[in-house]
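Notes to accompany the following structure.
The values are calculated or read from the model by the stated rules, or taken from the named source; none is laboratory data. It should be emphasised that the depicted structure is a prediction, and the values quoted were computed from it without experimental measurement. Positions of Cβ are generated from backbone atoms using ideal geometry, with glycine treated the same way; all protein chains shown enter the neighbour counts. The accessibility values were calculated without ligands, DNA or RNA, using every heavy atom of the protein model including side chains. Shrake-Rupley method; radii C 1.70, N 1.55, O 1.52, S 1.80 Å.
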Amino acid sequence: PTRRSSDLIDDASTDNSLAIAESYLEKFGGRLKLFSLSEHTGTPGLPRNVGIQFARGKYIAFLDSDNLYTKTALEELTTLAEKYQADCINSPASFRVEDKSSNIDELLNPTEIWHCQWRKASRLEHVIFVSDEVAERAKLWIDDGFNWATCGLFCRRDFLIVNRIEFPDMIFSEDQIVQISCLFLAKRLLRVPNITYIVRRNTESISRRNISLEKYFHKWISSLNKGFNEFNNIMNRVPFFAEHPDYRYAILNCFFERTLRDAWKLNVAYAQVSAPVLNLIVEKEFHPDDAALSAYLFNTVNIHRLQLMQLQQENIALKNELKKYQTVQ
């Protein structure tokens, strides 16, 4: 494979990360570029924007700090991108491993496969060109047939630059913004069966770190607030959505549901903390003129959502019991 260059962006780290990165500069023979930000952004996306601007390679891929690529990942994706002259490649599946082993060989040989289609267990079997029809692409997003995590993204750098695709200033769900931008702005978009990414379940990740309930609400609600604006801005760039408000609403609903689906601590909060206390916490996250109503609506939606989830689980349990009874009969 071709010897490729890599960029590292240091987000004003306070440990010895920068020194470790600098120790690799000579080993990479000029192929490794290191940039250190003067102030800590606290977000996954903003340092990546710097990397996109400074990168000089033809293609861009993003590797989270606690995850891995398979040994041939970038070679496979580059070959596919060149063969099909793709603007972007979306990989719907990835490997998942428990973050318990320090043995790199064990981590690079995982067996569990996770699919972006969490409602459907089907595997993609062939390289597929995604339809040019915006409605078809929107349905792909709504039906969870498009991997909206950054690990599923591989695209040409000039495509990102020309279309002004950047990560927003969000701590959570920022990858959804970039992925849906690629979905609607790419002319040649591929979905491929290649499983090239290894996700380690890290209990100390930014989304699972043990922080106060108030700070947790702030991070998630601010991401929802900014995310809705970002999604609207993207859809405003595509004339289709002006004529199809039903698709616009469905996509915003998906963003809301997926963001809250990953907010595991919110589920715990609504099960253990009283509504009046939650209301006071949530009110702080909205404009003073609208805070009381917004907090009430937010809490009501989440309470009803959790009640519905519980009813669905009970319904599944009842169906399983009925099957057992019918089998005995």
- Message: I'd like to compare 69-78, 241-250: which one has the highest average count of other Cβ atoms within 10 Å, and what's the full order after that?
- Response: 69-78, 241-250
- Which of rounded, prolate, oblate describes the chain, given a ≥ b ≥ c as roots of the alpha-carbon gyration tensor eigenvalues and a/c under 1.5 marking rounded, otherwise prolate only if a/b is larger than b/c? rounded
- Task: Taking 7 Å along the Cα-to-C-beta vector as the label spot, tell me the Asn229-Lys27 distance in nanometres, rounded to one decimal.
- Result: 4.2 nm
- For the chain, calculate the relative contact order in percent as a whole number, restricting contacts to Cα pairs under 8 Å that are 6 or more residues apart. 18 percent
- Query: So, with +1 on the Cβ of K and R and -1 on the Cβ of D and E, and no other charges, what is the size of the charge dipole of the chain about its Cα centre, to the nearest 20 debye?
  - Reply: 720 debye
- When the charge dipole of the chain is computed with +1 at the Cβ of Lys and Arg and -1 at the Cβ of Asp and Glu, the Cα pointing farthest to the positive end, of Val277, Ala19, Leu63, is that of Leu63
- Query: Cross-link list Lys139/Lys226; Lys83/Lys139; Lys58/Lys187; Lys83/Lys187: which exceed 20 angstrom alpha carbon to alpha carbon?
  - Reply: Lys139/Lys226; Lys83/Lys139
- Message: For a protection proxy built on the mean count of beta-carbon atoms within 10 angstrom, sort 321-327, 160-166 highest first, please.
- Response: 160-166, 321-327
- Task: Would you mind telling me the share, in percent, of accessible area of the range 253-329 contributed by carbon and sulfur at probe 1.4 angstrom?
- Result: 60 percent
- Which order do the peptides 86-93, 302-309 take when ranked by the mean count of other beta-carbon atoms within 10 Å per residue, highest first? 86-93, 302-309
- Task: Find which of Phe298, Thr259, Pro288 sits farthest along the positive direction of the dipole of the range 255-329, computed with +1 on the beta-carbon of Lys and Arg, -1 on that of Asp and Glu, about the Cα centre.
- Result: Thr259
- Message: Run lengths n ≥ 4 of DSSP H only: what is the helix-derived mean residue ellipticity at 222 nm for the chain, with -39500 (n - 2.57) per run over all residues, to the nearest 500?
- Response: -15000 deg cm²/dmol
- Task: Among Pro245, Asn232, Leu185, flag the residue with its Cα farthest along the positive direction of the charge dipole of the range 156-294, charges on Cβ as +1 for Lys/Arg and -1 for Asp/Glu.
- Result: Leu185
- Rounded to the nearest 20 debye, dipole of the range 173-276 from Cβ charges on Lys, Arg, Asp, Glu: 340 debye
- Message: How long are the semi-axes of the equivalent ellipsoid of the range 270-329, defined as square roots of 5 times the Cα gyration tensor eigenvalues? Whole Å, largest first.
- Response: 40, 10, 5
- Accessible area per residue, Å², the chain with all protein chains present, probe 1.4 Å: 56 Å²
- Message: For the range 136-262, what does the relative contact order come out to in percent, with C-alpha contacts under 8 Å and a separation of six or more?
- Response: 31 percent
- Message: Give the aspartates and glutamates reachable from Lys265 as a straight Cα distance under 16 Å; neighbours fewer than 8 places away on the same chain don't count.
- Response: Glu204, Glu214, Glu257
